[in-house]
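Below is one structure, written out as structure tokens; the observations come after it.
No value in this document is a laboratory result; all are computed from the given coordinates. The structure presented is a predicted model; accordingly, all values stated were derived computationally and were not measured. When we count neighbours, we look across all protein chains shown, and the Cβ atoms used for this are built from the backbone with ideal geometry, even at glycine.
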Amino acid sequence: MGDSQYSFSLTTFSPSGKLVQIEHALTAVGSGQTSLGIKASNGVVIATEKKLPSILVDEASVQKIQILTPNIGVVYSGMGPDSRVLVRKSRKQAEQYHRLYKEPIPVTQLVRETAAVMQEFTQSGGVRPFGVSLLVAGYDDKGPQLYQVDPSGSYFSWKASAMGKNVSNAKTFLEKRYTDDMELDDAVHTAILTLKEGFEGQISGKNIEIGIIGADKKFRVLTPSEIEDYLQEVE
Amino acid sequence: MSKVAIDMPPKGGFSFDLCKRNDMLVKNGLKMPSFLKTGTTIVGLIFQDGVILGADTRATEGPIVADKNCEKIHYIAPNIYCCGAGTAADTEAVTDMISSQLTLHRYHTGRESRVVTALSLLKSHLFNYQGHVSAALVLGGVDITGPHLHTIYPHGSTDTLPYATMGSGSLAAMAIFESKYREGLTRDEGVELVAEAIRSGIFNDLGSGSNVDICVLTKGHKEYLRNHETPNPRTYVSEKGYSFSKKTEILLTKITPLVEKIEIIEGGDAMEE
């Protein structure tokens, strides 16, 4: 590929006008575990596979879905350690906003600031882009919102989105199943069915993670037993 | 050294750039504005189920009462509250900052904040500023290790006590505690004792006054009793209202609401790109 001469340095454009490092970062995301999000009329649900490298890993200690503020949560696809750095920075920015303006940070603001951090790492010397895409789910005065942020720092608001290994199948499935007047419970069922589509092995409360936020504006991660209940309803 | 073109971001902390200018102004006869001090009586005690904090509500600026009903019990964490005496801005800013730091800490650890964490953050901040941050605090809360009560002095030293008082009314309040405190008080006994101590400060100290605020902290539960007692109501209000001498000019004010003028242009051209 003619581009490969330009693929080593982040801050150099290739002749076709692309930053090849960002393309590579998106590939890293594309080989990560599937995660998805669905915006319902009265809330948002985000979910991900939790495939651990061995049965010896203590799965209760791993949590992929993280809370950023009481009313905003996030899930990632790609490199876990990179997502931890972003979660830490986002939490700090949300808290600084709250200290200055004494109001909870609006979802769009937090997404914008997180995206700005990711963009910084595509235009600085000696650093590499983050190898994660984030799905940010929140509920504020403007209602339920779902945003996807990419390694380049671009972000979009989605009604439903998926990322990671099984992205094309998952998105097709979501396109068919999504309705605008879906409620939060239906959205959780749809999320589980979408994950089930590409799941290798037996799906259970211990190898997927689901986070929801409803009209009460409190983000929380479901316990494995709650996920089991939803799984039984889906059966 | 030549002037650097790049603007370095401030490293934080105080900037002493204006000190020379201020000295010059004072020498030329400028009277510096005084800051709002809280005078204050603040107390805390440990009872059988947790901690009770109490405070008066008067804020003074020299001999003037600046705020008759200010809030001196500050939120630090859902299970930790802090009473503040000294300069009002200092106590509010320092408790706000530590509250923010503890929120981030809670997200990172996934656990309830401990009182000793708040204590360490507060005392190291105050020590760094060598007593210039004039905040004397009574910190109390209930965490996984039990109920705790601490006092923090502006220079950064701390005490851990079963009952404590701070502020200009601390001697009046401590007199009440020393005679009536005992271990194993019930909630109602504790609240009554704290209210009595604050009332003693209100009536016997000029820097304290107005109402009594109380905060009861127990395991997993908090009760913020704002204006629990108001022993200083405004007693005499003239029913006749106020009358002015005939010489006063009474201006008749007519308020005309502004109406939005909306022009509708028929068949206008679309804006050109």
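The table below lists the values:
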item: Size of charge dipole - the protein assembly as shown - debye, nearest 20, with Cβ of Lys, Arg +1 and Asp, Glu -1, no other charges; result: 1620
item: For segment B:136-143, Karplus couplings with θ = phi - 60° (6.51, -1.76, 1.60), whole Hz, Gly/Pro x; result: 10, 10, 10, 9, x, x, 10, 10
item: Label-point separation, residue A:58 to residue B:93 (7 Å along Cα→Cβ), nm; result: 4.3
item: Kirkwood Rh and Cα Rg combined as Rg/Rh, the protein assembly as shown; result: 1.08
item: Burial ordering of B:256, A:11, fewest other beta-carbon atoms within 10 Å first; result: B:256, A:11
item: Segment B:65-113 and segment A:74-106: distance between their alpha carbon centers, rounded to Å; result: 22
item: Point-charge dipole on Cβ atoms (K/R +1, D/E -1) for chain B, about Cα centre, debye to 20; result: 1000
item: Value at 222 nm in deg cm²/dmol, rounded to 500, when DSSP H runs of n ≥ 4 in the protein assembly as shown each add -39,500 (n - 2.57); result: -10000 deg cm²/dmol
item: Choice from B:249, B:196, B:239 showing the highest fluctuation, given a GNM over chain B with Cα pairs closer than 10 Å; result: B:249
item: Simple Cβ-charge dipole of segment A:92-235, Lys/Arg +1 and Asp/Glu -1, about Cα centre, in debye nearest 20; result: 680
item: Which of B:191, A:117, A:149 has the fewest Cβ neighbours within 10 Å, and the rest in rising order; result: A:117, B:191, A:149
item: Cut-off 15 Å between beta-carbons: net charge of the residues surrounding residue B:227, Lys and Arg +1, Asp and Glu -1; result: 0
item: Vicinal HN-Hα couplings computed from phi for segment B:174-181 (Karplus, 6.51 cos²θ - 1.76 cosθ + 1.60; Hz; Gly/Pro x); result: 5, 4, 5, 4, 4, 8, 10, 6
item: Radius 15 Å from Cβ of residue A:30, net charge of other residues (Lys, Arg +1; Asp, Glu -1); result: -2
item: For segment B:154-273, with +1 on Lys and Arg beta carbons and -1 on Asp and Glu, the positive-most of B:218, B:155, B:181 along the dipole; result: B:181
item: Calculated diffusion of segment B:49-130, Stokes-Einstein form, Kirkwood radius summed over Cα pairs, 20 °C and 1.002 mPa s, µm²/s; result: 153
item: Linear extension gain, residue B:100 paired with residue B:239, 0.36 nm per residue minus alpha-carbon span; result: 45.2 nm
item: Segment A:50-134 shape via C-alpha gyration tensor axes, a/c threshold 1.5; result: oblate
item: Over chain A, relative contact order from alpha-carbon pairs under 8 Å, at least 6 apart, %; result: 28
item: Mean shadow area of segment B:57-216, taken as a quarter of the surface of its Cα convex hull (nm²); result: 9.4
item: Among B:91, B:186, B:60: highest mean-square fluctuation, GNM of chain B, C-alpha pairs under 10 Å; result: B:186
item: Total formal charge among the other residues, if their Cβ is under 15 angstrom from that of residue B:28, Lys/Arg +1 and Asp/Glu -1; result: +3
item: Taking N as its residue count, the alpha carbon Rg of segment A:1-122 over 2.2 N^0.38 Å; result: 1.28
item: Farthest positive-ward along the protein assembly as shown dipole, Cα basis, beta-carbon charges - from A:33, B:124, A:221; result: B:124
item: 19 Å cut-off, amide nitrogen to a point 7 angstrom out along residue A:101 Cα→Cβ, residues in segment A:61-82; result: A:68-73
item: Extension gain, residue A:186 back to residue A:85 (0.36 nm per residue minus Cα-Cα distance, nm); result: 33.1 nm
item: Cut-off 16 Å, label 7 Å out along Cα→Cβ of residue A:169, residues of segment A:45-80 by amide N; result: A:48-51
item: Anisotropy class of segment A:126-196 from Cα gyration tensor, a/c 1.5 cut; result: oblate
item: Pair residue B:127, residue A:13: separation of 7 Å Cα→Cβ label points (nm); result: 5.5
item: Fewest-first sequence of B:219, A:39 by Cβ atoms within 10 Å of each Cβ; result: B:219, A:39
item: Fluctuation leader among A:133, A:77, A:31 - chain A, Gaussian network, Cα springs under 10 angstrom; result: A:31
item: Theoretical FRET efficiency, 1/(1+(r/R0)^6), r = Cβ-Cβ of residue B:16 and residue B:203, R0 56 Å, to 0.05; result: 0.85
item: Debye-sum result for segment A:89-235 in log10 I(q)/I(0), which assumes one identical scatterer on each alpha carbon, at q = 0.18, 0.21 Å⁻¹; result: -1.21, -1.40
item: Nearest 10 degrees, 0 to 90: helix B:88-109 Cα axis against chain B principal axis; result: 80
item: Where labels lie 7 Å past Cα in the beta-carbon direction, separation of residue B:180 and residue A:233 in nm; result: 5.5
item: Label point at residue B:225 placed 7 Å out along Cα→Cβ; residues across segment B:188-208 whose backbone nitrogen lies under 15 Å; result: B:188-200
